[in-house]
Amino acid sequence: MVSRVIPVDPFDLVIFGGTGDLARRKILPGLFRRFINGQMEDTSRIIGAARSDYDDAAYRKFVGEALKEFVDGGDREKKQVAEFLKQIHYIQIDATGTGGWDDLSELLRDDVIRAFYFSVAPSLFGALAERLHAHSCAGPKCRIVVEKPFGRDLATAKELNQTLRDHFDESQIYRIDHYLGKETVQNLMAVRFANVLFEPLWNAQFIDHVQITVTETVGVDGRGDYYDKSGAMRDMVQNHLMQLLCLTAMEPPARFAPDAVRDEKLKVIRALDPIEPDDIVRGQYVSDKKGDDFLDQVEDKDSITESFIAMKLAVSNWRWAGVPFYLRTGKKMKARHSEIAIIFKEAPHAIFGQAAGRHQNILVIRLQPNEGMDMLVTIKEPGQGGMRLLDVPLDMSFAEALGEDGNAPDAYERLIMDVIRGDQTLFMRGDEVEAAWAWTDPLIEGWMSREEKPKTYEVGSTGPEEAAMLLHREGRRWRDIKP
Ligand code: BG6
C-alpha cells in the first residue's frame with residue numbers, strides 16, 4: 001500500500017532544550033523520519049536553542065549522533081543525514097537572561113511558520129514566553145509546544161495555563177500528550193465513528209465493562225527523583241489513561257475538528273464520579289534482586305508513592321450508567337502491554353444451555369506492542385458432539401494488514417507535523433487538563449492524608465493481588481498481560 005505524504009508548509013522550529021534528552025531521543029529523530037518521508041520541505045529549519053556553547057557545526061554533530069543512536073540503521077542513509085543536517089541550526093540562549101535573544105530574532109524568517117518547542121522545565125515557560133515577545137520572535141501566527149507535566153495539581157496547572165495565556169492565545173498552545181499521537185489511539189476514533197457496526201452497541205445496554213491497561217517492564221531507575229514526586233497517578237493516569245478513557249467514552253463529535261473533539265472529551269472528564277478508596281489499589285514493586293525495589297530507586301526510603309495503580313471508575317451519564325471502567329498501569333510488570341478492551345454483555349438468552357459455557361464478545365484495541373485490533377467472536381467448537389462454544393479472535397495486526405504503512409509514524413513525529421499544520425485536535429486544551437486535575441486531586445489528597453502505604457507486588461508480576469480482587473469481587477477478571 002502506497003502511503004500518501006502531504007508535505008507541510010515551510011517552517012522554523014525552535015527547540016528550547018535542544019540539547020536535552022527529549023530532543024535527542026524523540027524530537028530530532030522524529031523530524032528526521034518526517035524529512036526522509038518527504039514531509040519536510042528543504043527550506044524548513046530546525047533551530048536548537050540551549051545554554052551549551054555550541055555553534056551550528058557542533059550542534060549538527062550532536063544531532064548526527066542522536067540519529068545514529070535512535071534511528072534504525074536502515075533509515076539512516078548517509079546522504080539523507082547530510083541533507084537533513086543542512087537544515088539544522090543552533091543558537092546559544094539564556095532562557096532567563098538576555099544572551100542570544102537578538103540572534104534568534106534575527107535568524108527567524110517572517111514568511112514561514114514559526115513554532116517554539118518548550119522542551120524545558122515548566123518553571124522556565126514564563127521566562128521563555130516573555131522573552132519571545134520582548135524580542136519580537138512571537139507573532140500572532142506562531143505556535144508553542146509544551147510537554148507534561150502540566151502542573152502537579154489543579155492549582156499549579158491553573159498557574160501554568162495562566163502563564164502561557166498571558167503571552168499566547170489558547171489557539172497557539174499545543175499541549176502534547178504523546179498517547180494521542182499513537183496511531184491506534186486515533187484508530188479508536190475511526191473504529192467508533194467511521195463504522196456503523198460498533199457505535200450502536202457502544203453503550204450500557206450492550207457493554208458489560210471496559211478495561212484500560214498500560215503496563216511497562218521498565219522501572220523508575222534513573223528517574224527516581226521525578227517519579228517519587230509524581231507516582232503512577234500523576235505520571236500516567238491524569239494524562240495518558242485519562243485521554244484513552246475520554247476517547248473510548250466520548251459522544252461522537254459533530255466533526256473531527258479540534259474544539260468539537262475536545263469539548264466531548266471534556267464532558268467525559270466532568271462526568272466522572274469521585275472514587276471510593278475501596279475502588280483504588282496502589283502498589284509498589286519489590287524484588288528478590290538487591291537494589292531492585294522501588295524504594296531502592298528513590299531517595300525517600302519511606303516513600304508511599306505508587307508505581308502501580310488500578311481503579312474502578314464510573315462515567316456518570318446516560319450512555320455509561322452502570323458500566324464500570326477499570327484502569328490499571330504499572331512499572332516493572334510482567335510485560336509491556338497496552339490495550340483498551342471493550343467487554344460486551346453475554347447474549348440475553350442462552351439457547352445452547354449451560355454446557356456451552358458463558359461467552360462474551362470482546363473488542364480489543366492494542367496500542368503496544370503489535371498495534372492492531374482483535375475481536376473475540378463466539379463460534380461452535382469444531383467437531384464436538386452437541387453445541388459447544390468457543391471464542392476465537394478476528395485478529396487484525398496493522399503491520400500485517402497494512403504492510404509498510406503499518407509502520408506508522410511515531411507519536412512525536414505525527415504530533416509535531418500537526419503543530420506545523422496548525423491542527424490542535426490531538427492536543428490537550430487547558431480546560432481539559434484542569435478538569436483532569438480537579439478529578440485527580442481529591443484522590444491523591446485522600447491517600448496522602450490517610451498516609452496509606454501502597455501494597456507490594458513482585459517485579460515481573462501482574463501487580464498486587466488486591467488489584468485482581470477489584471474485579472473478582474464483581475465476578476470479573478482482568479485480561480492477561482502478554483508480552
Ligand atoms: C511518559 C511517562 O509520559 O510515558 C513515563 O512519564 C512512561 O513514565 C511513558 O514510561 C510511557 O510511554 P510509552 O509511549 O512508552 O508507553
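Pairs are defined by a Cβ separation below 7 Å, a sequence spacing of at least 6 or placement on different chains, a first member in the range 101-125 that is without any contact (Cβ under 8 Å) to a residue 12 or more places away in the chain, and a second member that is exposed (fewer than 13 other Cβ atoms within 10 Å of the Cβ); no pair meets this definition. A count restricted to the range 338-390 and to residues that are more than 16 Å from the ligand (Cβ to nearest atom), among the acidic types (Asp, Glu) and touching a residue at least 12 places away in the same chain (Cβ under 8 Å) stands at 2.
Looking across the range 428-483, the residues that are of a type in the set (Lys, Arg) and open to solvent by 40 Å² or more (accessible area, probe 1.4 Å) come down to ARG450, LYS453, LYS455, ARG473, ARG476, ARG477, ARG479, LYS482.
Look at the range 167-181: where a residue is touching a residue at least 12 places away in the same chain (Cβ under 8 Å) and a partner is charged (D, E, K, R) and open to solvent by less than 10 Å² (accessible area, probe 1.4 Å), sitting 6+ places away or on another chain with Cβ atoms under 9 Å, you get TYR174/ASP418; ARG175/GLU432; GLY181/GLU413; GLY181/ASP418. The number of residues in the range 250-266 being surrounded by 14 or more Cβ atoms within 10 Å (Cβ to Cβ) and assigned to a helix (DSSP H, G or I) comes to 8.
Scanning the range 119-141 for residues that are away from the ligand (no atom under 16 Å from the Cβ) and either outside any loop (DSSP other than H, G, I, E, B) or aromatic (Phe, Trp, Tyr) (or both) yields SER123, LEU124, PHE125, GLY126, ALA127, LEU128, ALA129, GLU130, ARG131, LEU132, HIS133, ALA134.
Based on what the data block shows, is VAL81 more than 25 Å from ASP103 (Cβ to Cβ) and under 26 Å from the mean Cα position of the chain (by Cα)? For VAL81, the condition - more than 25 Å from ASP103 (Cβ to Cβ) and under 26 Å from the mean Cα position of the chain (by Cα) - is not met. Within the range 267-278, the set of residues being more than 26 Å from ASP431 (Cβ to Cβ) and either assigned to a strand (DSSP E or B) or touching a residue at least 60 places away in the same chain (Cβ under 8 Å) (or both) comprises just one member, PRO277.
Among the residues of the range 79-93, which ones are crowded, with 18+ Cβ neighbours inside 10 Å, assigned to a helix (DSSP H, G or I) and among the aliphatic types (A, V, I, L, M)? Listed by number, the residues that qualify are VAL81, LEU85.
Is it the case that the range 225-236 has a residue that's within 15 Å of the ligand (Cβ to nearest atom), aliphatic (A, V, I, L, M), open to solvent by 10 Å² or more (accessible area, probe 1.4 Å) and out of contact with any Pro (no Cβ under 7 Å at 6 or more places or on another chain)?
Yes, that holds for at least one residue.
Is it the case that the range 207-219 has a residue that's in contact (Cβ under 8 Å) with a residue 60 or more places away in the chain and assigned to a helix (DSSP H, G or I)? No, there is no match, as no residue in the range 207-219 is in contact (Cβ under 8 Å) with a residue 60 or more places away in the chain and assigned to a helix (DSSP H, G or I). Contact map, the range 228-246: first residue within 12 Å of PRO149 (Cα to Cα) and assigned to a helix (DSSP H, G or I), second residue within 11 Å of the ligand (Cβ to nearest atom) and among the hydroxyl-bearing types (Ser, Thr, Tyr), Cβ cut-off under 6 Å, separation 6 or more or different chains; pairs are MET236/THR329; HIS240/TYR179. In the range 287-391, counting only strands (runs of 3 or more DSSP E) that sit wholly within it, the ones holding 3 or more residues that are at pLDDT below 95 and surrounded by 13 or more Cβ atoms within 10 Å (Cβ to Cβ) span 362-368, 372-380. When you scan the range 33-49, do you find a residue that is open to solvent by 40 Å² or more (accessible area, probe 1.4 Å), part of a helix (DSSP H, G or I), at pLDDT below 95 and under 22 Å from LYS78 (Cβ atoms), even just one? Checked the range 33-49: at least one residue is open to solvent by 40 Å² or more (accessible area, probe 1.4 Å), part of a helix (DSSP H, G or I), at pLDDT below 95 and under 22 Å from LYS78 (Cβ atoms). Restricting attention to the range 196-224, the residues that are closer than 30 Å to VAL298 by Cα, more than 11 Å from the ligand (Cβ to nearest atom) and in contact with a helix residue (DSSP H, G or I) (Cβ under 7 Å, 6 or more places away or on another chain) total 1. Taking each residue of the range 421-446 that is within 25 Å of ARG114 (Cβ to Cβ) and looking for partners that are of a type in the set (Lys, Arg) and open to solvent by 20 Å² or more (accessible area, probe 1.4 Å) with beta-carbon atoms closer than 8 Å, six or more apart or interchain, yields GLY422/ARG143; LEU426/ARG414; GLY430/ARG165.
What pairs can you find where one residue is in the range 67-87 and charged (D, E, K, R), the other is in a loop (DSSP other than H, G, I, E, B), and their Cβ atoms are less than 9 Å apart, with a gap of 6+ or different chains? Short answer, once both residue conditions are applied: LYS68/ARG76; GLU83/ASP42; LYS86/ASP42. Selection of the range 168-186 for residues being of a type outside the set (Ser, Thr, Tyr), more than 14 Å from the ligand (Cβ to nearest atom) and surrounded by 19 or more Cβ atoms within 10 Å (Cβ to Cβ) yields PHE168, GLN172, ILE173.
Condition test on ILE144, is it away from the ligand (no atom under 16 Å from the Cβ), in contact with a strand residue (DSSP E or B) (Cβ under 6 Å, 6 or more places away or on another chain) and at pLDDT 95 or above? Yes: the conditions hold for ILE144. A search for C-beta distances below 8 Å between a residue of the range 448-460 that is closer than 28 Å to THR217 by Cβ and any residue that is basic (Lys, Arg) and outside any loop (DSSP other than H, G, I, E, B), counting only pairs 6+ apart in sequence or on different chains, returns GLU452/ARG282; PRO454/ARG282; LYS455/ARG282.
The values are calculated or read from the model by the stated rules, or taken from the named source; none is laboratory data. In this text the structure is predicted, and so the values were computed from the model without any measurement. Positions of Cβ are backbone-derived with ideal geometry, glycine not excepted, and every protein chain shown enters the neighbour counts. SASA here: full protein model, heavy atoms, side chains in, ligands and nucleic acids out. Shrake-Rupley method; radii C 1.70, N 1.55, O 1.52, S 1.80 Å.
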